[in-house]
1. For region 93-221, just say rounded, prolate or oblate: build the C-alpha gyration tensor, square-root its eigenvalues into a ≥ b ≥ c, call rounded for a/c under 1.5, and beyond that prolate if a/b exceeds b/c, oblate if not.
2. So how do 160-167, 134-141 stack up, highest first, on mean other-Cβ count within 10 Å?
3. Accessible area per residue for the chain in Å², computed with a 1.4 Å probe and the full protein assembly in place, what is it?
4. About the Cα centre of the chain, what is the dipole size in debye to 20, counting +1 per Lys and Arg Cβ and -1 per Asp and Glu Cβ, all else neutral?
5. Which of the lysines could be linked to LYS31 by a straight reach, that is with a Cα gap under 21 Å, when you skip same-chain ones fewer than 8 residues away?
6. Can you find, among TYR87, TYR204, GLN187, the residue farthest towards the positive end of the dipole of the chain? Put +1 on the C-beta of Lys and Arg, -1 on that of Asp and Glu.
7. Once you list every other residue whose beta carbon is under 13 Å from the beta carbon of GLN187, what net charge do they have if Lys and Arg are +1 and Asp and Glu are -1?
8. Distance between the C-alpha centers of region 1-68 and region 104-124? Whole Å please.
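The values are calculated or read from the model by the stated rules, or taken from the named source; none is laboratory data. This structure is a prediction, so every number in the text was calculated from the model and none was measured. Heads up, the Cβs are rebuilt from the backbone with ideal geometry, glycines too, and the neighbour counts pull from every protein chain shown. These area figures cover heavy atoms from the full protein model, side chains too; ligands, DNA and RNA do not enter into them. Shrake-Rupley method; radii C 1.70, N 1.55, O 1.52, S 1.80 Å.
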Amino acid sequence: ITSNFTPRLKSLLVLLILYTEKNERGILTRKMTEMLWSDKDEIAARNNRNVTLRKLRVLLEEVGDVEVVSNGGFLKIRWNESVFCDYCTALHCMDLLQKNGAQKDEVLLNQILELLLYGPLLSNTIVDWLDEFKDSYSSLSIDLLRNLLDVQRNNYDTVLRIADILFLHDPLNEEALAAKCSILFIQGKKGIAKSVYDRFCKEYKDSLGEEYKIPLCNLYK
């Protein structure tokens, strides 16, 4: 049903998902209207909102047991057990890992790494109101992955996997670079380690306009 989503429908769905995770009540209907229809007068904005909500509800019926709920001036999205939302599940898994120290739970670890492999949140969508959510998701993801690098340091295959995912969320992450180059060196893959290091140095200079000052040999220590 992706092709049936107009930009406005997509924005409405994204808003509902993000704000429902941020606040159990969801988003104020008035606030959502101002964010998506700021160019309309009050009556036109309300009419556009109601039409778009109806279209979204019809599309969501094709997804399964998921609904948009209106209550007390708030709108929220409600997922039931048969429907999977990667963003909501990723936040839930990260919360479990951080609060319960469940880093040795292989099933949970693999699930969160698979979800974080999608990369940053909505990287192809650029609107001002998304920035705070993108920053928050990136911060959570990077902190978790950095912690996992340390916890899993003796599991070389997992560390390499974590480092690659960390690069997706933070291309200039020096901890990911050190972890990956160190393990490749230990595994005797010195040429690959050099290639990884050289690519990092190029991206570092392109992004920051200065040379990366830590030599490759220091990363092996």
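1. oblate
2. Result, highest mean first: 160-167, 134-141.
3. On a per-residue basis, the chain sits at 58 Å².
4. Dipole about the Cα centre, nearest 20: 140 debye.
5. Here the lysines satisfying the reach criterion relative to LYS31 are LYS10, LYS22, LYS40, LYS55, LYS76, LYS134.
6. It is TYR204, whose Cα lies furthest towards the positive end.
7. Its environment carries a net charge of +2.
8. So the two Cα centres are separated by 26 Å.
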